[in-house]
2 protein chains.
Amino acid sequence: MKDNKGLSERRKKILNALVDSYITNAEPISSSAIKDKYMPDVSTATIRSELATLEEMGYLSQPHISAGRVPSSKAYKFYVDNILSSESQMDTQQIKSVLATKYASIKEIVKDSAKIVSDVTNYTSMLMISSTDNIVVNDVKVIDMYDGTALVLIVTNNGSIKDKTIKLPETNINNYIEVANGLLYRTFAGKRLVEIVHSHNVIDAQLRDFEQLFEQVLNMIIDYKNARESQIQIEGKDKIFNYPEYNDVNNVKNFLSIVNDQEKLHEIVNDKDGSIEFSVKIGKEDDETLGDMAIVSAKYKFSGEEMGQLGVIGPQRMDYKKVLSVLKEIGTLFENN
Amino acid sequence: MKDNKGLSERRKKILNALVDSYITNAEPISSSAIKDKYMPDVSTATIRSELATLEEMGYLSQPHISAGRVPSSKAYKFYVDNILSSESQMDTQQIKSVLATKYASIKEIVKDSAKIVSDVTNYTSMLMISSTDNIVVNDVKVIDMYDGTALVLIVTNNGSIKDKTIKLPETNINNYIEVANGLLYRTFAGKRLVEIVHSHNVIDAQLRDFEQLFEQVLNMIIDYKNARESQIQIEGKDKIFNYPEYNDVNNVKNFLSIVNDQEKLHEIVNDKDGSIEFSVKIGKEDDETLGDMAIVSAKYKFSGEEMGQLGVIGPQRMDYKKVLSVLKEIGTLFENN
DNA sequence: ATTTAGCACTCGTTGGTGTCGAGTGCTAAA
DNA sequence: TTTAGCACTCGACACCAACGAGTGCTAAAT
């Protein structure tokens with residue numbers, strides 16, 4: 001049953017025990033600790049030799065020679081995979097009831113989801129709104145306001161509206177506004193943001209008088225797209241101080257530099273493999289800048305539409321069981337909405 | 001010339017020297033250090049006795065008995081008052097040229113003012129938009145969109161527009177939209193936000209059919225006011241790590257808790273005495289939660305209109321000269337715009 | 001072939017001790 | 001009032017010993 005490639009059952013058990021213990025205590029685990037708490041019917045010597053081979057295999061490391069073992073990133077990955085493959089493990093019931101007592105309606109949950117996740121998991125959370133690729137412009141309208149000024153509205157399919165006042169050009173065209181609205185509608189309505197942004201529309205001759213207007217509208221759309229894409233909401237930054245590894249200023253620095261770097265967060269969370277539900281990034285090996293931290297996130301849909309990603313960021317030594325449960329639970333709430 | 005109430009010239013000189021030195025080095029200053037750098041023609045013993053009395057007077061303290069002196073909040077205040085009263089001290093020329101090389105147009109500066117202040121001073125900066133008290137509603141318009149939906153626009157005198165889509169009530173009134181616009185204009189146009197929010201309008205009989213609409217509009221206005229008021233932009237949080245006192249996690253924690261607490265920031269910066277140009281809050285005595293930090297801020301106008309406050313937050317041991325110069329310089333740029 | 005008891009070994013932690021030197025306060029003379 | 005001089009304080013640093021938690025290895029037991 002034991003071979004070099006896989007892990008024997010006993011080794012798996014030891015590995016799980018060790019990660020479990022380290023997650024709650026943040027202290028190196030000794031062979032005798034494992035014996036006492038998890039495997040009383042085997043001697044410490046045996047455990048020690050198993051630990052030695054697990055270390056050789058890259059799952060563990062020792063802070064120093066006469067200390068216990070500490071899990072490596074590889075160990076955390078093993079641990080997470082274990083959780084993910086055995087769904088039954090997750091105690092969603094408990095999470096669900098916590099959510100139920102705190103929040104009355106699902107709508108509230110969506111709105112505050114980042115804050116909820118942070119509160120329930122006790123880690124810093126992040127919510128990133130999904131890409132704008134399938135946002136469609138429903139309508140563009142120009143509304144006359146007062147002397148020479150007009151308001152441009154861009155209405156999209158996800159309910160949001162971007163507006164801006166512009167100065168109207170001096171013109172002698174009759175019904176300028178009316179004509180403009182017709183043209184704008186024909187040009188933009190029904191098109192996706194990406195299409196609009198990437199197409200270099202040639203204004204045909206009859207549109208000359210509207211060139212300036214079109215340019216302004218186009219810029220609005222581009223701005224809107226950019227603003228949408230870069231939005232990340234972070235909640236509960238202070239939670240990090242609950243964990244002893246962040247008594248070291250360098251770790252705090254690292255944490256803040258990641259959390260404040262939106263581009264980096266996007267990069268880390270957005271797997272090339274877009275199909276997987278959960279993204280779990282652990283430590284340096286997954287991303288150099290992560291250092292001793294981990295990011296767990298999930299993709300969500302709301303009312304069938306892709307909504308974005310929601311996740312937590314915390315120490316490598318993270319309570320993955322809890323985090324994954326919570327993220328999963330929220331996901332089902334969203335989808336069943 | 002020396003009396004118990006005021007400070008002798010020599011004591012002032014010593015005090016200034018000490019604060020100056022501590023601001024740059026963050027280390028306790030000894031009597032001999034002062035002698036060497038600032039007062040070579042007097043003995044250390046003399047300086048020591050002066051230091052002792054300054055300590056009695058509450059300007060200084062000793063980390064421990066065989067260490068040099070460190071300035072207290074009181075000393076910083078003395079130092080700042082000194083700067084403020086002797087305008088000529090400020091080397092605005094230099095600051096101005098720095099700003100000039102970095103930014104081409106004044107408009108850019110306004111937009112990025114928080115970032116600029118943080119970069120130039122090397123401290124964390126904050127920009128808070130001024131109160132909404134004198135924002136006036138210019139117009140309220142309802143615009144028919146599509147089947148039963150309408151867009152409500154609120155136009156204010158500071159150029160901004162708040163919009164939201166609402167569902168129109170089922171009605172059999174002719175020209176519902178037109179009538180509504182008339183009513184809305186008569187009710188809201190020209191009024192200040194505060195007035196509107198605090199008046200409990202009784203809807204008169206003829207308005208019954210518009211009750212729901214009015215309620216929605218009113219809520220929009222309230223939301224708008226709240227959102228405006230709570231907006232604080234913070235830039236350069238990471239800058240804090242440049243200062244050695246923030247190698248202690250507790251100080252970082254304190255820093256973050258203040259910087260993330262918008263209400264607190266408002267409270268600290270908004271003096272009762274609304275007339276003063278600069279607000280300088282130093283340490284615990286000014287506000288318990290400040291701890292060992294200081295906040296310097298100034299009120300600004302832009303194109304004659306009150307714009308808000310802009311300031312920096314950093315260690316008590318702050319380069320007040322530089323900070324005040326920068327804030328002042330930006331102020332004149334704004335006002336001369 | 002595994003497991004285990006036993007033992008030597010490693011090394012971080014803790015606490016004690018001694019020395020150095022920066023800096024002070026005080027006193028007595030200038 | 002200033003200053004030289006001196007005793008004193010106390011943190012920083014280095015060194016050392018003892019402790020103990022934990023390991024790896026080996027040789028015997030299963």
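If B:I166 meets every condition in (1) more than 14 Å from chain A (Cβ to nearest Cβ); (2) over 30 Å from the mean Cα position of the chain (by Cα); (3) modelled with pLDDT under 85 apart from one, which number is that one?
The one condition B:I166 does not meet is (1).
What number goes with the only condition from (1) closer than 23 Å to A:Y123 by Cβ; (2) at pLDDT below 90 that A:I29 does not pass?
Among (1) closer than 23 Å to A:Y123 by Cβ; (2) at pLDDT below 90, A:I29 violates only (2).
(1) touching a Gly at 6+ places or on another chain (Cβ under 9 Å); (2) surrounded by 21 or more Cβ atoms within 10 Å (Cβ to Cβ): which one isn't true of A:G311, the others all being true?
The number of the failed condition is (1).
Tell me, which helices (runs of 4 or more DSSP H) wholly within segment A:16-100 include 2 or more residues that are surrounded by 13 or more Cβ atoms within 10 Å (Cβ to Cβ) and within 16 Å of DNA strand C (Cβ to nearest atom)?
On the way: elements: A:31-37, A:44-56, A:73-85.
Here the list reads A:31-37, A:44-56.
It is to be established whether one or more residues within segment B:218-240 are touching an Asp or Glu at 6+ places or on another chain (Cβ under 7 Å) and on the phi < 0 side of the Ramachandran plot.
no
Conditions (1) farther than 29 Å from B:L327 by Cβ; (2) among the small types (G, A, S); (3) within 16 Å of DNA strand D (Cβ to nearest atom); (4) over 24 Å from the mean Cα position of the chain (by Cα), marked per residue:
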{"residue": "B:T46", "(1), (2), (3), (4)": "yes, no, yes, yes"}
{"residue": "B:S49", "(1), (2), (3), (4)": "yes, yes, yes, yes"}
{"residue": "B:G58", "(1), (2), (3), (4)": "no, yes, no, yes"}
{"residue": "B:D81", "(1), (2), (3), (4)": "no, no, no, no"}
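In segment B:117-144, which residues are under 21 Å from B:I258 (Cα atoms) and either in a helix (DSSP H, G or I) or within 14 Å of chain A (Cβ to nearest Cβ) (or both)?
Taking segment B:117-144 as the starting set, the residues that turn out to be under 21 Å from B:I258 (Cα atoms) are B:117-119, B:121-131.
Matches in segment B:117-144: B:V117, B:S118, B:D119, B:T121, B:T124.
The values are calculated or read from the model by the stated rules, or taken from the named source; none is laboratory data. Computed from a predicted model, the values in this text were never measured in an experiment. Counting neighbours? That spans all protein chains shown, and the Cβs are built from the backbone with ideal geometry, glycine included.
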